[in-house]
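To start, the structure itself, in structure tokens.
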Amino acid sequence: MLAPSNGVGVKGGGVSQPSRVISGLDFAAACARIAAMVKAGSGKGGHPMKLQLIRNATLKLDYAGHTVLIDPFLGPKDSLPSFAGRAPNPLVGLPFDTDTILAGVELVIISHLHEDHFDDTAKHRLPKGLPIFCQPGDEEAIRGAGFRDVTPLLGKAQWQGLKLTRRDGSHGLGPVVQDMGPVMGFSLEAKGEPTVYWAGDTVLYPAIEKTIHDTKPDVIVTHSCGARWDGALIVMDAAQTIAVCEASKTSIVVATHMEALDHATVSRGDLRAAASAHGIALPRLLIPDDGDVLTLIPPVV
């Protein structure tokens, strides 16, 4: 079942201490709604799944007793140029120092090589021996940054009891895709754990809808800031995120990649207002702040 974090980091690694813990009656309602979906027990002796939003698309995931870092973007505020002519990026700093973010990380997943998903600070600070999964075609660039254990996720892969499945994505539709280049999402499964579908830097289009329909994930992570490039939508906006919620009424949707970059057009408040207008309450759509932790605890049997 879902339960709010108690704000304490996992001993010996795992997620960092959150800046604000998601809790309250609304979250309790989410706990009750999803409890029946979660398999009994856990592949690693009952460890809860913890999903922590670091910033932008960067997530730290404690899953089946392992700690996974997704799309590490670790540079300080204003370390990248503007994307839309409004302000340098990122617009905000990290919620924790880099050592805290990297503590306990055992596996890294890099969806694509845009700087807001894998930046120079990450290339410098990540231990070079960490295993990394990436999309096909990016492995040589990552190895060129000094990383020794890089595996392209061609279809399905196993790692320490985790099952990863590559999923299609489209970083926009039409001509902008040529500018954005290829991206990937992935599904994550393990014995006794909720299934996670991390959609990645993609708009909503038929391949995403098919993945949701076919896999019926317990948790869907979307990128929902409505970023635009030369006027074209390149990740989901509020309307598309709401459509994801409506397409999968048995999933909890976690909206991320928000309020960090100057080409975004949707704020957390905008998304919550749009969701409320469509009758989608907090238990179905979670919009964490940077540093927040979501904890999914399998039932004890």
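Numerical summary
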{"read-out": "Flag for Gly85 being open to solvent by 40 Å² or more (accessible area, probe 1.4 Å), at positive phi and of a type outside the set (S, T, N, Q)", "value": "yes"}
{"read-out": "Neighbours by Cβ (under 7 Å, 6+ apart or cross-chain): first from region 138-149, at positive phi; second at pLDDT 95 or above and outside any helix (DSSP H, G or I)", "value": "Gly146/Lys128"}
{"read-out": "Within region 145-240, strands (runs of 3 or more DSSP E) holding 1 or more residues that are among the polar types (S, T, N, Q) and more than 18 Å from the chain's Cα centre (by Cα)", "value": "149-152, 156-159"}
{"read-out": "Tally of residues being open to solvent by less than 10 Å² (accessible area, probe 1.4 Å), out of contact with any helix residue (DSSP H, G or I) (no Cβ under 7 Å at 6 or more places or on another chain) and not in a loop (DSSP other than H, G, I, E, B) across region 246-273", "value": "2"}
{"read-out": "Number of positions in region 152-170 that are farther than 19 Å from Leu59 by Cα and either without any contact (Cβ under 8 Å) to a residue 60 or more places away in the chain or in contact with a helix residue (DSSP H, G or I) (Cβ under 6 Å, 6 or more places away or on another chain) (or both)", "value": "8"}
{"read-out": "In region 274-287, the residues that are in a loop (DSSP other than H, G, I, E, B) and either in contact with a Lys or Arg (Cβ under 7 Å, 6 or more places away or on another chain) or in contact (Cβ under 8 Å) with a residue 24 or more places away in the chain (or both)", "value": "His278, Ile280, Ala281, Leu282, Pro283, Arg284, Ile287"}
{"read-out": "Residue count, region 74-101 (criterion: farther than 27 Å from Pro182 by Cβ, touching a helix residue (DSSP H, G or I) at 6+ places or on another chain (Cβ under 9 Å) and not β-branched (Val, Ile, Thr))", "value": "4"}
{"read-out": "Total residues in region 90-121, condition polar (S, T, N, Q) and touching an Asp or Glu at 6+ places or on another chain (Cβ under 6 Å)", "value": "1"}
{"read-out": "Qualifying residue in region 61-79 (condition: open to solvent by 10 Å² or more (accessible area, probe 1.4 Å), more than 25 Å from Ser224 (Cβ to Cβ) and part of a loop (DSSP other than H, G, I, E, B))", "value": "yes"}
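The values are calculated or read from the model by the stated rules, or taken from the named source; none is laboratory data. What you are looking at is a predicted structure, and each value in this text was computed from that prediction instead of being measured. Cβ: placed from backbone, ideal geometry, glycine included. Neighbour counts: every protein chain shown. The accessibility values were calculated without ligands, DNA or RNA, using every heavy atom of the protein model including side chains. Shrake-Rupley method; radii C 1.70, N 1.55, O 1.52, S 1.80 Å.
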